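Working notes for the structure below.
The values are calculated or read from the model by the stated rules, or taken from the named source; none is laboratory data. Predicted, not measured: the structure shown is a model, and the values here were computed from it. Positions of Cβ are backbone-derived with ideal geometry, glycine not excepted, and every protein chain shown enters the neighbour counts.
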Amino acid sequence: MKKRMPLIALAAASVLALAACASGDTGSTDSGESAAPAPTFAEGTTMAALADAGTMTVGTKFDQPLFGLINLDGEPEGFDVEIAKIIANGLGIAPENIQWKEAVSANREPFIENGEVDIVVATYTINDKRKEVVDFAGPYYLAGQSILVLADNDTIKSEDDLVGQNVCSVTGSTPAQKLAEIGAIPFLTDTYTNCLEPLRSGDVVAVSTDNVILAGLAAQNEGEFKVVGKPFTEEPYGIGLKKDDTEFCTFINETLEAAYADGSYEEAWNSTAGTVLPYVDPPAVEPCS
């Protein structure tokens, strides 16, 4: 009988473990959120290194309502933040083990190239110039450039009305480049929130960037500003990562597709940007190369 006791104990332990799995208990974090059990990755890959470390560094915006904004607790929140958490979860990294680093438009490529961040999720438009120095997973959202004006401005209705006018945008952004192309006079700053005071004072007639960013600024300053006109560009948001890390890019794409399928992507949208903007199906991810 004494020899059988350990087997009985082991069997009981196995039953308890199976019951926990059946109930979906994968191990709750202190914040109440659950991280998936750390999967096994091929040795030498970025995924293996991050999973083994149990932490990752993510560059995101700190000043953009709905997508990336510092809350009263000093933590970033928004749709981009939730997308980063989904990727971290696929690596077995809990939300509280993510290190957040503020990424403004001008420093996103240097952060990736210099290894200061593992990924950038920061309303980061995929374009050919950026792809010369970094890689992108995704896209995970399709935005479009639009226009923000004072609530009582009825003279600016489309991008045609910006020609020859001072319009605020952000240094190093694709919207700033587009403004110059259409004949507007770019008035550049480091963050979009810093465009609001020049708009209030009349130093610029409008702020121009992606419609989702402008919607967030308008929602945060209710009754003061409005978004006008239809989007006049397509801005596919991607996740920036180190150049030529195809395995990591493929992993992120697969994680995004799983989130589309299991509803976690839609849940992330509805709890953040979806409070202002309607949900639309995500675009198909592009193959990594």
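With the requirement that a residue be in contact with a strand residue (DSSP E or B) (Cβ under 8 Å, 6 or more places away or on another chain) and part of a helix (DSSP H, G or I), what does the stretch 162-193 give you?
Of everything in the stretch 162-193, those that are in contact with a strand residue (DSSP E or B) (Cβ under 8 Å, 6 or more places away or on another chain) and part of a helix (DSSP H, G or I) turn out to be Leu162, Thr174, Pro175, Ala176, Lys178, Leu179, Ala180, Tyr192, Thr193.
Scan Glu257, Glu267, Glu235 and give me the residue that is among the acidic types (Asp, Glu) and buried (at least 18 other Cβ atoms within 10 Å of the Cβ).
Glu235
Anything in the stretch 259-288 that is of a type in the set (Val, Ile, Thr) and assigned to a helix (DSSP H, G or I)? List them, or say none.
The first filter runs over the stretch 259-288 and keeps only residues of a type in the set (Val, Ile, Thr), leaving 272, 275-276, 280, 285.
Hit for the stretch 259-288 is Thr275, nothing else.
This table checks each residue for (1) closer than 25 Å to Ser271 by Cβ; (2) crowded, with 23+ Cβ neighbours inside 10 Å.
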| site | (1), (2) |
| --- | --- |
| Arg108 | yes, yes |
| Ala137 | yes, yes |
| Val163 | no, no |
| Cys168 | no, yes |
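Which of the residues belonging to the stretch 40-53 are more than 22 Å from Ala122 (Cα to Cα) and not aliphatic (A, V, I, L, M)? Let's see the steps before the verdict.
Here is the first cut: in the stretch 40-53, the ones more than 22 Å from Ala122 (Cα to Cα) are 40-45, 48-49, 51-53.
Hits for the stretch 40-53 are Thr40, Phe41, Glu43, Gly44, Thr45, Asp52.
For Phe41, indicate whether it is in contact with a helix residue (DSSP H, G or I) (Cβ under 8 Å, 6 or more places away or on another chain), among the aromatic types (Phe, Trp, Tyr) and farther than 20 Å from Asp135 by Cβ.
Spelling it out, it is not the case that Phe41 is in contact with a helix residue (DSSP H, G or I) (Cβ under 8 Å, 6 or more places away or on another chain), among the aromatic types (Phe, Trp, Tyr) and farther than 20 Å from Asp135 by Cβ.
Just the residues that are over 11 Å from Ala137 (Cβ atoms) and free of Cβ contacts under 8 Å to residues at least 60 places away in the same chain, please, taken from the stretch 245-266.
Tyr260, Ala261, Asp262, Gly263, Glu266
Here's the yes/no breakdown for (1) small (Gly, Ala, Ser); (2) touching a Cys at 6+ places or on another chain (Cβ under 9 Å); (3) surrounded by fewer than 24 Cβ atoms within 10 Å (Cβ to Cβ):
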site	(1), (2), (3)
Lys131	no, no, yes
Leu142	no, no, yes
Leu148	no, yes, no
Asp152	no, no, yes
Ser173	yes, no, no
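Taking Gly172 as meeting all but one of (1) at pLDDT 95 or above; (2) at positive phi, write down the number of the exception.
Answer for Gly172: the failing condition is (1).
Look at the stretch 199-222 and say how many of its residues are over 19 Å from Val104 (Cα atoms) and at pLDDT 95 or above. Walk me through it before giving the result.
Just the residues of the stretch 199-222 that are over 19 Å from Val104 (Cα atoms), to begin with: 199-206, 218-222.
With the extra rule that they be at pLDDT 95 or above, the set shrinks to 199-206.
Here the count works out to 8.
Identify the residue in the stretch 53-86 that is of a type in the set (Val, Ile, Thr) and part of a strand (DSSP E or B) and, among all such residues, is nearest to Ala176 (Cα to Cα).
Here the answer is Thr60.
Residues of the stretch 182-198 being more than 22 Å from Pro236 (Cα to Cα), crowded, with 23+ Cβ neighbours inside 10 Å and under 26 Å from the mean Cα position of the chain (by Cα), which ones?
Answer for the stretch 182-198, where residues must be more than 22 Å from Pro236 (Cα to Cα), crowded, with 23+ Cβ neighbours inside 10 Å and under 26 Å from the mean Cα position of the chain (by Cα): just Cys195.
If the requirement is being farther than 16 Å from Gln64 by Cα, modelled with pLDDT under 95 and not basic (Lys, Arg), which of these qualifies: Glu247, Glu234?
Answer to the selection: Glu234.
Residue-wise test of (1) small (Gly, Ala, Ser); (2) in contact (Cβ under 8 Å) with a residue 40 or more places away in the chain; (3) assigned to a loop (DSSP other than H, G, I, E, B); (4) farther than 19 Å from Ala143 by Cβ.
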site: Gly44; (1), (2), (3), (4): yes, no, yes, yes
site: Ala88; (1), (2), (3), (4): yes, yes, no, yes
site: Glu96; (1), (2), (3), (4): no, yes, no, yes
site: Trp100; (1), (2), (3), (4): no, yes, no, yes
